[in-house]
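Below: the structure, in structure tokens.
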Amino acid sequence: MAGRRIVEQVRENITMSKILTREAFENAIMALAAIGGSTNAVIHLLAIAGRIGVKLELEDFDKVGSRLPCLVNLQPSGKYLMEDFYYAGGLPAVLHELGAAGVLHKSALTANGKTIWENNKEAPCHNREVIFPYDRPFKPAAGIAVLKGNLAPEGAVIKPSAATPGLLKHRGRAVVFEDIDDFHKRIDDERLDVDETCVMVLKNCGPKGYPGMAEVGNMPLPP
């Protein structure tokens, strides 16, 4: 079906630039907030926008999505699994909630030749314990938030929907590792001066090359 649709798009002259518009990227940011999506999406969306020539910046995630509610009770923000989300109605049900609330750019074109609202305006929700209505959300104002400070002067991102209240306001000593090799060399050392109140900082890691982003696989907790 995808292959046939690609051929049809060529015949209809529907190019990537007609689909990947500023409105489409803003819709993606809104959807990301509503599902309590990964901070990885920030990197990917910025990269895709850069390749297609759409002006998208880190601050846009704060302006467009940070005050939107999280509608989906899904791990790690909640208790249900991705399979439960699928059977509850999935992303179409979430996009329906955003559109009905008037925040979605309804006229944004999608790959099947229809608008995002045409595709999702009749989408049903089968389980309100998993997908909440927009006016009674799972968590209010829980979209990706952008932080700035002396540790990250060019900006950092956090997913408030998966954060405990205590994490949103915390004072602790920074335990800094210069790079991934420094981290692996010191993290298992019993003499490492670290406790549960500390904030671990891993420098010189990111989306360019090995080891990539400093997530659980690359930055485990000290034993």
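Points worth noting:
- Counted as qualifying within the range 63-174 are the helices (runs of 4 or more DSSP H) with 3 or more residues that are open to solvent by less than 20 Å² (accessible area, probe 1.4 Å), namely 90-100.
Condition check ((1) modelled with pLDDT under 85; (2) within 27 Å of G36 (Cα to Cα); (3) among the hydrophobic types (A, V, I, L, M, F, W, C)) across all residues:
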| residue | (1), (2), (3) |
| --- | --- |
| V175 | no, no, yes |
| D182 | no, no, no |
| I187 | no, no, yes |
| K208 | yes, yes, no |
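- Residue within the range 205-223 that is within 30 Å of V103 (Cα to Cα), part of a loop (DSSP other than H, G, I, E, B) and not aliphatic (A, V, I, L, M) present: no
- Residue in the range 11-25 that is at pLDDT 95 or above and within 19 Å of V146 (Cα to Cα) present: yes
- Residues of the range 175-207 that turn out to be acidic (D, E), in contact (Cβ under 8 Å) with a residue 12 or more places away in the chain and surrounded by 12 or more Cβ atoms within 10 Å (Cβ to Cβ), as a count: 2
- Residue match in the range 1-18 (condition: basic (K, R) and open to solvent by less than 70 Å² (accessible area, probe 1.4 Å)): yes
- Scope the range 20-38; condition open to solvent by 30 Å² or more (accessible area, probe 1.4 Å) and of a type in the set (A, V, I, L, M); matching residues: L20, A28, I35
- All conditions but one from (1) touching a Cys at 6+ places or on another chain (Cβ under 6 Å); (2) within 26 Å of N13 (Cβ to Cβ); (3) of a type outside the set (K, R) apply to G89; the one that does not is (2).
- Filtered by the rule that a residue be of a type outside the set (D, E, K, R) and at pLDDT 95 or above, the range 48-60 gives I48, A49, G50, I52, G53, V54, L56.
The values are calculated or read from the model by the stated rules, or taken from the named source; none is laboratory data. Because the structure is a prediction, the values reported are computed rather than measured. Cβ atoms come from the backbone with ideal geometry, glycine included; neighbour counts cover every protein chain shown. These area figures cover heavy atoms from the full protein model, side chains too; ligands, DNA and RNA do not enter into them. Shrake-Rupley method; radii C 1.70, N 1.55, O 1.52, S 1.80 Å.
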